[in-house]
Each structure stands twice: as structure tokens, then as C-alpha cells.
1. How many of the residues in region 127-139 are open to solvent by less than 40 Å² (accessible area, probe 1.4 Å) and either in a loop (DSSP other than H, G, I, E, B) or touching a Ser or Thr at 6+ places or on another chain (Cβ under 6 Å) (or both)?
2. Being closer than 28 Å to Leu21 by Cα and open to solvent by 20 Å² or more (accessible area, probe 1.4 Å) is the requirement here; does Asn100 meet it?
3. Are there any pairs with C-beta distances below 6 angstrom linking a residue in region 232-255 that is in contact (Cβ under 8 Å) with a residue 24 or more places away in the chain and over 13 Å from Gln276 (Cα atoms) to a residue that is among the aromatic types (Phe, Trp, Tyr) and open to solvent by 40 Å² or more (accessible area, probe 1.4 Å), with the two at least 6 apart or on different chains, and if so which?
4. Filtering region 264-284 down to residues that are aromatic (Phe, Trp, Tyr) and more than 18 Å from Ala158 (Cβ to Cβ), which residue is surrounded by the fewest Cβ atoms within 10 Å (Cβ to Cβ)?
5. For region 1-44, which residues satisfy the criterion of being among the charged types (D, E, K, R), modelled with pLDDT of 90 or more and farther than 13 Å from Tyr160 by Cβ?
6. If a residue must be small (Gly, Ala, Ser) and either under 17 Å from Ser148 (Cα atoms) or more than 16 Å from the chain's Cα centre (by Cα) (or both), how many such residues does region 85-118 contain?
7. Only one residue in Ala47, Ala119 is touching a strand residue (DSSP E or B) at 6+ places or on another chain (Cβ under 6 Å) and crowded, with 24+ Cβ neighbours inside 10 Å, so which one is that?
8. Exactly one condition in (1) surrounded by fewer than 19 Cβ atoms within 10 Å (Cβ to Cβ); (2) part of a loop (DSSP other than H, G, I, E, B); (3) touching a helix residue (DSSP H, G or I) at 6+ places or on another chain (Cβ under 6 Å); (4) in contact (Cβ under 8 Å) with a residue 40 or more places away in the chain is false for Lys114; which is it?
Amino acid sequence: PNKAYHSNEASVDDARVNEQLLADTINYYEDCHHDYFFAWCNRQNLALHYGYWDSDQPYNHHQALINTNAILYKKAQIKPSEHVLDAGCGIGGSTLWMANAHQNQVTGITISEKQANYAKNHAKRRQLDHLVDFKVANYCQTEFDDESFDVIWALESACYALNKTDFLKEAYRLLRKGGRLALCDAFMLQREFNETQWQTVMTFLNGWMVPNLSDRVSFNQLLLETGFSDVQLTDISQQVLPSSKHMHKVAKRLYPIHKVSQCLGLRSKTQIENYQVGFAQYDFFHDRLAEYCLFTATK
């Protein structure tokens, strides 16, 4: 188990565990908000995800983060006229990108009120508030009507669902017939580990407050069981590795600042664990404990 969370797909204690998981996830993102801006994203991309890079040109971190949005948008064959639900929108990076780049109508939902307010302020500043709307909601149980959206977008957010089926069932309910699910995330390649590998896995999961990760075969089966068809999988691990390497370099570069701040008591436990993932995630992907995949599926 990851902390107090169950790593199986169902549990009699799901309600209690879900409540604790939601609280911990909100605390994590709000506690580490400034860390992300200091070490990872900027006020243009607002990206809390990995970057995609397959260019012959030198690696550009900002462009790679934007590329991830672009490749997921293209793979899901999203049209500018379609209404998108950004399920787990964070501080609004992908939502605002779709509105700005393609003029989509996009609704972003997050469980953090601070994130939603931050995203709303950016929408107003960029004069995109006529195209986007941000709400506080749990993507496993929303108040939207059936068949409200053409696309459900989940960029490194579905992993936060304790039971992945809960997320998929709600996504299916919210999609119009012919609508698509567009999803990027990490997926496990192993289920048995030596002690060193297990420490890497647990540091990754605990540091980013992820309760569990599925594997591609199991997730594909869950999609089919939920009712989705035309399931398409694209392994983009190689295109994400440069971003993973970049994160590792940033963590090494920030080590002196982190250590001094920690000694002075200026870093919370959540921030310390978040920093440690900068190293663990490199081994997580480079040692092939997990892969990074893009799924699309149709209702």
C-alpha cells in the first residue's frame, strides 16, 4: 500500500480512503504550488505535466511542455468546435492552451479551490474567460448532466483516482455519443520489485500523492469494460525521457538550496517528499519500471 491508500482497484474502505486521499492531494498541490513555478513551469504554460520532445533541435523545456498538449490534442482528433472537460485541470495550463490555440470551449475541474481561483485569474488576464470555466469538482462524481461534453481530457490526472473505474465510468457518462477520452499518464511495467526498485516506486507514488498506477493491459481492459471502443494506445516514453532527465538535472542543481532550507525548517514534509521525486522519477522511467502512454477511446 501507498501510505494509507489501497493499491487494489476496490476496497470496502474506499469511501474513507478516498476522503483522505482527496485531502492529501489538495494539500500537496497547494503546498507545492510555488515549488512548481520555481523549478518546473512558468506563467505561460502553467504545466504540471511531463514534456514531449522528438525534435532534432536542442531540448527546450517550455516547448516540450506545450508539445504534450499538442500531441494529445492531435491524437484525440479534437476539433475547435468541441466542448472539452479538462478533468483534473490543475492551475489551468491545458485548458487555457486549448482555448487560446484552438478556440475550444473548455471546462476545467480541480478539487482545489485555490487552483480553480488561480486558473480563473489567468483566464481573465489572457482575456479567455469567455471560452473557459473553472469549477471545484471531483472528476469521479460531478454534477454535470449526462452527455455534456465532446471530449474528456485527462493529462496526468487519472492516476489520482483511487479506483480508475470510477473515473472511467464518470467520463463515459459525461461524453456524448462519439465523444472521446484523451489521456496521458504513467503505467506500470512491473509488479514485482527488489528492495531498491520498491523504494523508487514508493518515493514516486508518495512524493506525488498518487495512490496507485495501472498497467497498460489492465487499463485497456477497464476501458472496454466501461463501454469504450476504438481504444488506441501510443507509447511516448522515449519522447518523455528528455523531460524526465531535465527534472533530474533541476533536482541536482537545487540540492544546496533544498538542503539549507530543510535544515532551517523552511520546507514542509510534503515539499521534501516532492523534491525527492525529482531523483526517483528518473530511475522510475529510465530503469523501465514504468512507461508513459497516451490513450484515446471513443464512446
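The values are calculated or read from the model by the stated rules, or taken from the named source; none is laboratory data. Since the structure is predicted, the reported quantities are computational estimates derived from the model, not experimental observations. Methodologically, a virtual Cβ is constructed for each residue, glycine included, from the backbone with ideal geometry; neighbour enumeration extends over all protein chains shown. For accessibility, only protein heavy atoms count, side chains too; no ligands or nucleic acids. Shrake-Rupley method; radii C 1.70, N 1.55, O 1.52, S 1.80 Å.
1. 5
2. Criteria not met by Asn100.
3. Pro242/Tyr59; Ser244/Tyr282
4. Phe279
5. Glu19, Glu30, Asp31, Asp35, Arg43
6. 5
7. Within the list Ala47, Ala119, the selection yields Ala119.
8. (2)
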